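The values are calculated or read from the model by the stated rules, or taken from the named source; none is laboratory data. Keep in mind the model is a prediction, meaning the values are calculated, not measured. In this analysis, Cβ positions are derived from the backbone assuming ideal geometry, glycine residues included, and neighbour counts consider all displayed protein chains. SASA here: full protein model, heavy atoms, side chains in, ligands and nucleic acids out. Shrake-Rupley method; radii C 1.70, N 1.55, O 1.52, S 1.80 Å.
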Number of protein chains: 2
Amino acid sequence: MTTPKAPGAATLDTLDTPCLVLDEPRMAANIDRLKARMARLGVTLRPHLKTPKSIEVALRVMASPQGPATVSTLQEAEQFAQAGVRDILYAVGISASKLDRVLALRARGTDLTVVVDSLAGAQAVAERSRAEGTAIPALIEIDCDGHRAGVRPDQTEPLRAIGRALHEGGAELRGVMTHAGESYNAADVDGIRAMAEQERRAAVDAAEALRAAGLPCPVVSVGSTPTAMYAENLDGVTEVRAGVFVFFDLVMAGLNVCAQQDVALSVLTTVIGHQAEKGWILVDAGWMAMSRDRGTARQAVDQYYGVVCDLAGQPLGDLVLKETNQEQGIITLRPGSKAAPTDLPLGTRLRILPNHACATGAQHDAYQVVRGDSPEVVATWTRFRGW
Amino acid sequence: MTTPKAPGAATLDTLDTPCLVLDEPRMAANIDRLKARMARLGVTLRPHLKTPKSIEVALRVMASPQGPATVSTLQEAEQFAQAGVRDILYAVGISASKLDRVLALRARGTDLTVVVDSLAGAQAVAERSRAEGTAIPALIEIDCDGHRAGVRPDQTEPLRAIGRALHEGGAELRGVMTHAGESYNAADVDGIRAMAEQERRAAVDAAEALRAAGLPCPVVSVGSTPTAMYAENLDGVTEVRAGVFVFFDLVMAGLNVCAQQDVALSVLTTVIGHQAEKGWILVDAGWMAMSRDRGTARQAVDQYYGVVCDLAGQPLGDLVLKETNQEQGIITLRPGSKAAPTDLPLGTRLRILPNHACATGAQHDAYQVVRGDSPEVVATWTRFRGW
C-alpha cells in the first residue's frame, strides 16, 4: 500500500496536479491529541476509518494493527480485514441483504459487529444467526439528538424488545451506540460540551434500561469528532468513535474544534489562467478535486470551496476558492477583504485546505505525504473506495 | 471494459447497494436526439466524455471509435487514447507542467488539442513546440458569458496577439472554443436560446477577428448541453461540445432541457431504517453515493439530493432524498407535499435520480446497465477517474 519514494523523486513542485497532499506531522499531532484525551477519560478510541480509507493512516491511528476500528461500508471492512484488522464496527444500520458479506468476514476471523435500530432489523440478524449457527454481534443504535437513525433512549420498551430479539433470538446483543451528528451544528464550544453530555447520557441511559431488564450491554459506544474533542466526562461509556479528527478540516476549524493550522489535508493545484479585470485566478482544482461539499456555508465564516495556501501550507493573502467547475476553480479575495491582490503567475502551485476532509479525500485515490514545510514527497499512500 | 453478464446473473434485486444504474435505452434516446439536432444544424458533435468516463459509453456517443471527443483531464485523454480514440480536445486551460503528457500522447498517435487563453500560455505552448520540433495544436478560449476562463471576443488585439504567438511561434493555431456555462442559470428556454446565440456569436466573432488578421482559424467550437439542445442557428460554428446530455439529470430537467423520464442514471439503494414519527425513511445512499451536488437548490423546484423512484425507475409518491450523511440518506415527502406517506419496509430497494450526472457518476467505479423496466443487469461498464 506504500510506495516509498527515493529522496528527491517527487516534490510538490513536480507532482501532477490536482492531487491530495497529507502533512504527516500535523496528522500525527492530531492523533496524539485525541489519544491523550481518551486515555485521560479512561475510554477506548475506536477510530472511524471512513475518513482516511487508507491502511497506512489506519495503522497510525488504531491502538494496534488489529484494531479496534469503525467503518461505514462493508468495502472498508473487507479492505481493513484483509490488512489484518480484527475488531471492526460497521456503524451504519445493517440490511439483511448485507449479511452474506458480514458472515464471510466473520468466518475469516474478523470480529465484525453490526448495528440495528428496529425490531425487524434485530429479528433479521437473529434469524440469520440461527440459520448459520453463529451469533452475529450487534449494537443497538440510540438516537441522542434527532439527527439520524436510532431508538430514543426514553423508548424503553421498544429498546428492550430489540435487545431481547437479539439476545434471545440467537444473535449477540453486544451493547449500544450513538452518534451526536448535531454537534456539527453547535453554536459554540459550550454547545459542543452540552452535546457531548447529551450523547453520553443517551447511551448510558439506554445501556441501563437494557441491563435493568436483565439484558447484557457490555459496549457503550459514543462519538463524533466535536464531542470527542470536548467531552469532559465519559462515565459509563466504554468507547469513543471519531474520524475526521485525524485530518481535521475547515468545518472543524469553524467550530473551534481545531485550529486552521491543524488541518493536515490539502489539494495541490496549479494556476492555469486569470481574469485580471475581475481579480480571478483560475486553477486546475475544481469540484472534482475538492468535492461539492460547502459545509462552511452555514458557519460564521464561509470558506467557499477552501482556503488558499502557499506550497508550505500557509494561508495566502486572504484568498479563497470562490467557485468551482468540474476541473477548474476560481480563486478570489474573500468577499469584503481589504487585502491587496496577490500576483500568482501562470504555473504557480498552491495548496487548498478543504471544507470537509471525508468528502475531499473521497475524490482521490492516494495521499502524497509530506512533512511540514518541506516540498519533498516522502511516501504515497493509496486510498480505496466503493461499497 | 465490459463484463458481460450471463442472463439472470445479477438483477436490481441482488446487486450490492448503493451502486450506479444506467438505463441504456434512455441513454440511447438521449444520444440519438442530440445527434439528429447536430446533423440538422450541420455541425460535428464532439461529445464531452468527462460525464461518462467510460469507454463503452464513449463508443456509443462518438461518431466513430476514433472520435472526435472532448475531455477535461489528461487521465481521460490517456484512457480514451489507449482505447483507440484519435481526435481529442483537452478543454481545460493547459499549464506548462502538463505538456510532457500532452506530447507523449501526441507521439503515440493521438491528435490531442490543448486550450490557451493568455499570451503567456500561448508562448509556453509555442516554446515547447519549437523545443520538440512538433507543432502542438491549440484553440484559444473565448469568454462568451463571464462564466469562467477566456478572452472576450471584443478584445481583438489580445486575441490576435495570442493567435500570433501560437501561429508564428511554432505551435498550431487551430481555432477558437467557448463554453456557455451561464446557460445552466438561464431563467427559461428563451434564455437558453439567447445564450446559444450569444455563444455562437462570441466564437464566430473571435474567429473572424483572427482571420481578418491573416491568422488561421479552421475550428470554431462551442457548447454546453443546454445551448446544444436549443441552438437554432449555428452558422459559422464547426463543432459542438456537450456532455451531460448523454445521461441528463435533475438540473437539466429543472431547466426544461429534458424531461425527468429522460434521466438515464440513478443510484440503487436499500431501505435500512425508519424514524416513523418524523416520516423519515433511511437508506444506504448518502452523499458518498449521490455526491454533495445540490444543483437544483437554486432552481424553481428543489430536488434536494434526488428524486426517489421505484425499481422500474418511476417516481414514487413525491418522495425526495432530503438529507444525506456519508453513507446514509434520509427520504421524506417533498416539503409541502400533500401526498400520503409511502410504506417502504426495511430492505425495500429504490432508485434515486441525481441532481448532477457528472458529480454522481464520479462517486462510482462502474455502471450497472439495465434496459427500461427490466431488473436484469445486462452489462457492467467500468468508469475511471483521477487526473
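What the table shows:
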| read-out | value |
| --- | --- |
| Proportion of all alpha-carbon pairs of segment A:260-382 beyond 19 Å (%) | 44 |
| Cβ-defined net charge surrounding A:ASP318, 12 Å radius [Lys, Arg +1; Asp, Glu -1] | +3 |
| Trypsin sites (Lys or Arg not before Pro) restricted to segment A:80-136 and DSSP loop, no more than 15 other C-beta within 10 Å | A:ARG108 |
| Calculated label separations, A:ALA83, copies of the chain, 7 Å along the beta-carbon direction, nm | 3.0 |
| Backbone HN-Hα couplings from phi across segment B:43-57 [Karplus 6.51/-1.76/1.60, Hz, Gly and Pro as x] | 10, 7, 8, 10, x, 8, 8, 5, 6, x, 6, 8, 5, 4, 5 |
| Spatial extent of segment A:24-247: Rg and Dmax, with the Cα atoms as the point set, Å | 16.6, 50 |
| Accessible solvent surface per residue of segment A:24-247, calculated while the other protein chains remain in place, 1.4 angstrom probe, Å² | 34 |
| Placed amide H near B:GLN363: partners under 5 Å, 5+ positions off or other chain | none |
| Amide H within-cut-off set for B:THR113, under 5 Å, with H built and near neighbours excluded | B:ILE88, B:LEU89, B:TYR90 |
| Estimated 222 nm signal from helices in chain A, with DSSP H stretches of n ≥ 4 weighted -39500 (n - 2.57), rounded to 500 | -8500 deg cm²/dmol |
| Modelled FRET efficiency - R0 22 Å, A:ASP235 with A:GLU168, Cβ distances, 0.05 increments | 0.15 |
| Charge dipole (debye, nearest 20) of segment B:232-377; +1 at Cβ of Lys and Arg, -1 at Cβ of Asp and Glu | 340 |
| Total formal charge among the other residues, if their Cβ is under 13 angstrom from that of B:ALA264, Lys/Arg +1 and Asp/Glu -1 | 0 |
| Spatial extent of the protein assembly as shown: Rg and Dmax, with the Cα atoms as the point set, Å | 26.7, 91 |
| 7 Å along Cα→Cβ, label-point gaps from A:ARG211 to other copies, nm, shortest first | 8.5 |
| Longest exposed-site-free window of chain B, the sites being GluC sites (Glu not before Pro) in a DSSP loop that have at most 12 other C-beta atoms within 10 Å | B:1-167 |
| Axis proximity, chain A to B: residue whose C-beta lies nearest, plus whole-Å distance | A:ARG292, 2 |
| Computed label-point distance, nm, for sites A:GLN299 and B:VAL189 using a 7 Å Cα→Cβ extension | 4.4 |
| Set of aspartates and glutamates near B:LYS53 by C-alpha distance (under 15 Å), chain-local residues within fewer than 8 positions excluded | A:GLU327, B:GLU76, B:GLU78, B:ASP365 |
| Pairwise burial B:A, computed as accessible area of each alone minus the pair, summed, 1.4 Å, Å² | 4600 |
| Ascending list, in nanometres, of distances separating the B:ASP32 label from those of the other copies (7 Å, Cα toward Cβ) | 6.6 |
| Trypsin sites (Lys or Arg not before Pro) lying in DSSP loop within segment B:247-342, provided at most 14 other Cβ fall within 10 Å | B:LYS338 |
| B:ALA340-A:ARG86 pseudo-label distance in nm [points 7 Å out on the Cα-to-Cβ vector] | 5.5 |
| Residue-by-residue Karplus 3J(HN,Hα) for segment A:254-267, coefficients 6.51, -1.76, 1.60, Hz, glycine and proline x | x, 8, 6, 7, 8, 8, 4, 6, 7, 5, 8, 10, 8, 10 |
| Filter on A:LYS278/A:LYS322; A:LYS322/B:LYS322; B:LYS278/B:LYS322; A:LYS322/B:LYS50; A:LYS50/A:LYS98 - keep pairs with C-alpha separation over 20 Å | A:LYS322/B:LYS322; A:LYS322/B:LYS50 |
| Surface share of carbon and sulfur [accessible, 1.4 angstrom probe, percent] for segment B:1-127 | 53 |
| Amide H within-cut-off set for A:ASP143, under 5 Å, with H built and near neighbours excluded | A:VAL151, A:ARG152 |
| 1.4 Å probe accessible area per residue over segment A:250-357, in Å² | 33 |
| Relative contact order (%) - criterion: Cα under 8 Å, at least six apart; region: chain B | 21 |
| Residue-by-residue Karplus 3J(HN,Hα) for segment A:307-324, coefficients 6.51, -1.76, 1.60, Hz, glycine and proline x | 8, 8, 10, 7, 5, 7, x, 9, x, 10, x, 6, 8, 10, 7, 6, 9, 9 |
